[in-house]
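Engineer: Quick one: the structure is below, questions incoming.
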Amino acid sequence: MASMRDIKRRKGSIQSTQQITKAMKLVSTVKLQKARNHAEQSNPYFNHMYQTVSSMLAHSGNINHPYLKAGDSKKKAVIAIASNRGLAGGYNSNIVKLITESDMKKEDVEIYMIGRKAKETFVRKGYSIKEDYSDVIEGPTYEDAALISKEVLKAFTEGEIGEIYLAYTHFKNTVSHEPTLIKLLPVEIDDADSEAEADYDLLMNYEPNEEEALNLIIPKYVTSLLYGALVEAVASENGARMQAMDSATSNADEMISDLTLKYNRARQGSITQELTEIIAGAEAIS
């Protein structure tokens with residue numbers, strides 16, 4: 001059985017750790033409130049962007065454009081959004097699992113990484129990190145998303161990669177965050193939109209022509225989805241960290257209660273032993 005000194009020392013250590021987890025929970029809560037508002041305000045725009053572009057392409061007929069067909073390369077670019085910091089439960093590991101457990105072969109994947117924690121895991125697992133944009137997640141802007149999109153689209157149009165994917169954590173609410181992998185290019189048309197095409201007598205008309213229009217629309221589409229994913233990822237990260245720190249604080253409470261009970265038992269045992277020794281000594285004298 002541990003000594004009273006050991007129990008007291010361990011209890012003090014856990015109490016110090018609990019103070020840290022409480023502080024981190026409060027910080028994450030404040031950050032989450034701001035990030036959640038941002039995500040909820042921007043989410044409708046990005047959903048409509050995705051639906052609008054998909055519907056537009058479904059009613060465009062057979063257009064021969066590089067953005068609408070897979071390239072010859074077997075390489076797949078994955079823009080993976082994670083975190084620069086840990087202590088967020090399974091937030092970072094879920095993004096890693098999303099890619100490593102997909103049907104994409106490791107040798108065919110080139111990762112455009114946002115988040116140092118997940119990057120370290122991917123490197124250990126032997127994945128190729130094409131570019132590292134980890135600093136972006138500290139305060140993502142639309143300009144950051146545009147820069148990343150430009151680099152990835154350049155690789156796509158030059159034939160270095162044949163497909164582009166986006167891996168991020170979708171923010172549903174404070175306690176629900178869903179790891180999501182979506183295909184950005186070639187643009188996939190929903191079955192419902194394809195069936196709806198038959199109901200249209202006229203196809204989509206482009207001015208001045210479809211190639212020039214799509215060269216403007218598709219980059220905006222990719223950038224918008226990427227920025228939306230960055231905004232949701234920030235909210236999800238803070239939500240995950242808040243939950244993790246709340247659980248850690250609760251676990252610390254349980255451990256402190258258990259150690260307090262053990263300490264009291266040890267103290268009572270020590271007192272009983274001392275009384276027994278005093279009584280035995282008194283009887284021996286008498």
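The values are calculated or read from the model by the stated rules, or taken from the named source; none is laboratory data. This one's a predicted model, so the numbers in the text were calculated from it and none came from an experiment. FYI the Cβ positions are ideal-geometry reconstructions off the backbone, even for glycines, and counts take in every protein chain you see.
Engineer: For the stretch 202-258, enumerate the residues that are buried (at least 23 other Cβ atoms within 10 Å of the Cβ) and either basic (K, R) or on the phi > 0 side of the Ramachandran plot (or both).
Structural biologist: Result: R241, single match.
Engineer: Something else about it: Quick one: would you say L181 is within 27 Å of T100 (Cβ to Cβ) and at pLDDT 85 or above?
Structural biologist: When the stated conditions are applied, L181 passes them.
Engineer: Sticking with this structure for a sec: Can you report the number of residues in the stretch 1-52 which are charged (D, E, K, R), over 30 Å from V222 (Cα atoms) and within 25 Å of the chain's Cα centre (by Cα)?
Structural biologist: Of all residues in the stretch 1-52, those charged (D, E, K, R) come to 5-6, 8-11, 22, 25, 31, 34, 36, 40.
Okay, now just the ones that are also over 30 Å from V222 (Cα atoms), so 5-6, 8-11, 22, 25.
So of that shortlist, the ones also within 25 Å of the chain's Cα centre (by Cα) come out as 22, 25.
Qualifying residue count for the region: 2.
Engineer: For N94, indicate whether it is touching a Pro at 6+ places or on another chain (Cβ under 9 Å) and farther than 26 Å from P219 by Cα.
Structural biologist: Numbers: touching a Pro at 6+ places or on another chain (Cβ under 9 Å): yes; farther than 26 Å from P219 by Cα: yes.
So N94 fits the description; yes.
Engineer: Still on this structure: Could you check the stretch 97-129 and list, in sequence order, the residues that are basic (K, R) and either at positive phi or surrounded by 19 or more Cβ atoms within 10 Å (Cβ to Cβ) (or both)?
Structural biologist: Selection gives K117, K119.
Engineer: So which of S28, S42, S13 ends up being free of Cβ contacts under 8 Å to residues at least 24 places away in the same chain and out of contact with any strand residue (DSSP E or B) (no Cβ under 8 Å at 6 or more places or on another chain)?
Structural biologist: Within the list S28, S42, S13, the selection yields S13.
Engineer: Could you grab me the full set of residues in the stretch 205-247 that are of a type outside the set (V, I, T), farther than 22 Å from N173 by Cβ and in contact with a Leu (Cβ under 7 Å, 6 or more places away or on another chain)?
Structural biologist: P219, L226
Engineer: Please indicate, with yes or no, whether at least one residue in the stretch 63-78 is crowded, with 16+ Cβ neighbours inside 10 Å, at pLDDT 85 or above, of a type in the set (A, V, I, L, M, F, W, C) and not in a helix (DSSP H, G or I).
Structural biologist: yes
Engineer: For S93, indicate whether it is closer than 19 Å to T169 by Cβ and not in a helix (DSSP H, G or I).
Structural biologist: Answer is no for this residue.
This table checks each residue for (1) modelled with pLDDT of 85 or more; (2) closer than 29 Å to A233 by Cβ; (3) part of a helix (DSSP H, G or I).
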| residue | (1), (2), (3) |
| --- | --- |
| R9 | yes, no, yes |
| K22 | yes, yes, yes |
| E40 | yes, yes, yes |
| S54 | no, yes, yes |
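Engineer: Also, quick follow-up: When you check Y91 against the structure, is it surrounded by fewer than 16 Cβ atoms within 10 Å (Cβ to Cβ) and aromatic (F, W, Y), yes or no? First the steps, then the outcome.
Structural biologist: Numbers: surrounded by fewer than 16 Cβ atoms within 10 Å (Cβ to Cβ): no; aromatic (F, W, Y): yes.
Answer is no for this residue.
Engineer: Could you list, in sequence order, the residues of the stretch 129-155 that are over 14 Å from L166 (Cβ atoms), among the polar types (S, T, N, Q) and either modelled with pLDDT of 95 or more or part of a helix (DSSP H, G or I) (or both)?
Structural biologist: S134
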